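Taken together, the values in this text are just the output of simple stated rules run on the coordinates, not laboratory data. Values in this document were obtained by computation on a predicted structure and should not be read as measured data. Neighbour counts run over all protein chains shown; Cβ positions are idealised from the backbone, glycine included.
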Amino acid sequence: MQPTDGGHIMSLQGKRILVAKPGLDGHDIGAKIITLALRDAGADVVYTGLRKSTDYIVRVAIDEDVDALGLSILSGSHNEILDDIIGKLAENDAADIKVFMGGTIPPEDRPALLETGAVGIFTSEQSIDEVLSELDQALGA
Amino acid sequence: MSLKRAPLNRRQLGRELTAAGRADVAAMLRADVTSGESAAFRIGITGPPGAGKSTVVSRLAERFDAQARRVGVLAVDPTSPVSGGSILGDRIRMDEVSPGSDVYIRSVPSRSAQDGLTCNVAEMLNIMDRHEFDDVFIETVGVGQTDHAVQALVDTVVLVLVPESGDTIQAMKAGILELADVYVVNKADRPHASRMHAAIEGVLALSQRSGSGWQPPVLMTSASSNDLAGLEQAIADHRQWCGENIDPVLVRRRRSRQLIESIMASAVAEVTGDLDDRQLDLPVDALYTACLDALRTKGQ
């Protein structure tokens, strides 16, 4: 597959990615933008839609055997949700699924999230190309 | 259904399906693909976008699941010819129709033969057999080559249309419209449902299938009635008819043909994908010879 669009990196070709909206947060423009950008970069993407439980998200991540799981959280409960997701993935022999996050995540919370196991925190200060590039590096490892 | 069946290892199954989806020709040849009688009953559900296939699949799967059958769904979504990526949206619709269901749903990007890759559905179905599924639904958008290839692999083909599918009927005359085993006019509460029903019966009457073979039923369904018992019965009737009338050897040959077509298409794509600028500057007959040589080398 030769890239015909110079605007995005095609390096996520063939990667399976789940973009999820956990909890009660009802804003998903960001999640949809990322979903489309990932598709345009060659990935196969499932977007869960709004208001999904962490049990459901982990179930889909496992059944679809995704390479990466993106959590879009604008509700403020990113710490609790990440702990929950990382725990459930580990319980189900899925600790190798890489988790990244986006939404309204204050800079002071980032170190703890990375410590818990997130491979990247992407917020709207970054360009799409920067996000794709970082994700590509995180998934290539 | 065996009571001694091992619990489904979803993590393992997921990984095996991923490997199948990423298989190159060498891997496809190494796989233990016996394209013979399948253990699981395979139902292909196809039709134009918006016909309600995901809802129909989900509700049927729920009914089978309630009978303690192990049910799986392969939801094939189109791959973008530009980026090679895809948005795999069918499973989410199914999950919303049947939340909390145990049915195993897997999204499969179609990777149409035009870009040389295939989705290796044949091997995925064999994997589902090895995990002791009773029934597997394969949902495809019914307008292209991938869809035709998938139909060779299933036992029963269900075509789902909606009352507004009139133009689609014109477009589909020479393809899937004549190949289905069960026809469904979905969203039959909408206007012109009976007209669509009559149009389909008209096409069937003109086709070569009238006579002593299987007479495909044309059903009307609607989400508001929430009753798919008739469809379930039609599928069961077809299954029984096939058991009594279809030679398994013919099925095996049909599946072998589909498999080798898929493998050859992948091999050709691997060769054409490797062409460099010097080769592309050759006249086409020299380029053709070069490709055949490359294919021969592949086989060694």
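The H on the amide N of residue B:219, modeled in the peptide plane, is under 5 Å from the matching H of B:183, B:184, B:185, each at least 5 residues off or on a different chain. The ranking of A:127, A:133, B:194 from fewest to most other beta carbons within 10 Å of each one's beta carbon is A:127, B:194, A:133. Under a Gaussian network description of chain B, with springs only between Cα atoms under 10 Å, the residue in B:127, B:87, B:45 that fluctuates furthest is B:87. Exposure proxy shown here: for B:15, B:195, the number of other Cβ atoms within 10 Å sets the order, fewest to most, as B:195, B:15. Quick one: helix B:53-66 against the long Cα principal axis of chain B, what's the angle to the nearest 10°, folded into 0 to 90? Roughly 70 degrees between the two axes. For chain A, modelled as a GNM whose springs connect Cα atoms under 10 angstrom apart, the maximal fluctuation among A:40, A:84, A:109 occurs at A:109. Relative to the longest principal axis of the Cα atoms of chain B, the long axis of helix B:121-130 makes an angle of roughly 60 degrees. Under the criterion of Cα pairs below 8 Å and six or more residues apart, the relative contact order for segment B:192-300 equals 16 percent. Please give me the summed charge of the neighbours of residue A:72: other residues whose Cβ is under 13 Å from its Cβ, Lys and Arg +1, Asp and Glu -1. Combined, the nearby Lys, Arg, Asp and Glu give +2. Once the cut-off is 43 Å, how many percent of the Cα-Cα pairs in the protein assembly as shown end up in the long-distance tail? Everything past 43 Å amounts to 17 percent.
Would you mind checking the tilt of helix B:10-21 against the longest principal axis of the Cα atoms of chain B, expressed as 0 to 90 degrees and rounded to 10? Relative to chain B, helix B:10-21 is tipped by roughly 50 degrees. For chain B, the relative contact order works out to 22 percent when only alpha carbon pairs closer than 8 Å and six or more residues apart are counted. Long hydrophobic helices in chain A: none of the complete DSSP H runs spans 30 Å or more by Cα along its own axis with mean Kyte-Doolittle hydropathy of at least 0.5. The convex hull drawn around the Cα atoms of segment B:5-111, when projected onto a plane and averaged over every direction, covers 8.4 nm². Look at the dipole of the protein assembly as shown built from charges on Cβ: of A:33, A:11, B:188, the Cα furthest out on the positive end belongs to B:188.
For segment A:29-109, the relative contact order comes to 33 percent (Cα pairs under 8 Å, sequence separation of at least 6).
Computed over the Cα atoms of segment A:16-140, pair by distinct pair, the Kirkwood hydrodynamic radius stands at 14.1 angstrom. Once the mean of 1/r is taken over each pair of separate Cα atoms and inverted, chain B shows a Kirkwood hydrodynamic radius of 20.5 Å.
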